[in-house]
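Notes follow the structure.
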């Protein structure tokens, strides 16, 4: 059984082809691009809001993309329980759209960061992580200038209480330390999920590390989890 990934494309997206390649060519699933001016997603099983610089990151990263015609249907799809993942700029768009709490700010260093990062899997029971193990360390690359996740203490406490933190930056041995945090994110948060468990946002790029040839295939866990989850759903 093949599932369908819908990859949203904004002006300035530059990771859309990475996500499409992972879904279509590496994992041999159906995949199609969805232009930001379209008003409906069509028949898709998973929506990917990819990385890049939507609308040139004017105002704030993701701030203009939230008003794209397609985002109304992404919000509807998510509210009806459909799987939505926002990666890097896509995470920013999901926060701006109100599908996820908090915001993404300039990196603490005020510099663009592009490097492999170690992540600790806080939750391995989501549709996006169930082929992983709790506490497992995976390596995904980051490439962002505004990747510092921020929320006030009350919101952060709520995220912790509701088990909505999925990934945290850590060192290769799984220690969550200030030194392992590439951007100054609150509590080393690299990825969160909504209360419903069907919308995930993360700054690192699993779609860029699905083939061992390029150094790490840890992103395969991410795509395998999604594919297995959707394939197991009742018809």
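The values are calculated or read from the model by the stated rules, or taken from the named source; none is laboratory data. On a predicted model such as this, the values are computed, not experimentally measured, just so you know. Glycine also receives a Cβ, built like all others from the backbone with ideal geometry; neighbour counts cover every protein chain displayed.
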Selection status of residue 227, modelled with pLDDT of 95 or more and farther than 21 Å from residue 18 by Cα
no
Quick check on my filter: what residues within the stretch 40-75 are under 20 Å from residue 20 (Cα atoms), at pLDDT below 90 and out of contact with any helix residue (DSSP H, G or I) (no Cβ under 7 Å at 6 or more places or on another chain)?
none
For the stretch 35-50: of the residues being closer than 21 Å to residue 229 by Cβ and touching a strand residue (DSSP E or B) at 6+ places or on another chain (Cβ under 6 Å), which is surrounded by the most Cβ atoms within 10 Å (Cβ to Cβ)?
49
Inside the stretch 1-32, the number of residues satisfying the requirement of being buried (at least 16 other Cβ atoms within 10 Å of the Cβ) and part of a strand (DSSP E or B) is 8
Just checking, how many residues over the stretch 186-220 are under 22 Å from residue 45 (Cα atoms) and more than 15 Å from the chain's Cα centre (by Cα)?
2
Could you list, in sequence order, the residues of the stretch 53-72 that are out of contact with any strand residue (DSSP E or B) (no Cβ under 9 Å at 6 or more places or on another chain) and touching a residue at least 12 places away in the same chain (Cβ under 8 Å)?
55, 56, 57, 63, 66, 69, 72
Just to check your reading of the model, which residue among 77, 53 is closer than 24 Å to residue 224 by Cβ and surrounded by fewer than 24 Cβ atoms within 10 Å (Cβ to Cβ)?
77
Among 165, 176, 210, which is the only one that is touching a residue at least 24 places away in the same chain (Cβ under 8 Å), buried (at least 23 other Cβ atoms within 10 Å of the Cβ) and in contact with a helix residue (DSSP H, G or I) (Cβ under 7 Å, 6 or more places away or on another chain)?
210
Mind checking whether some residue in the stretch 104-127 is within 15 Å of the chain's Cα centre (by Cα), on the phi > 0 side of the Ramachandran plot and touching a residue at least 12 places away in the same chain (Cβ under 8 Å)?
no
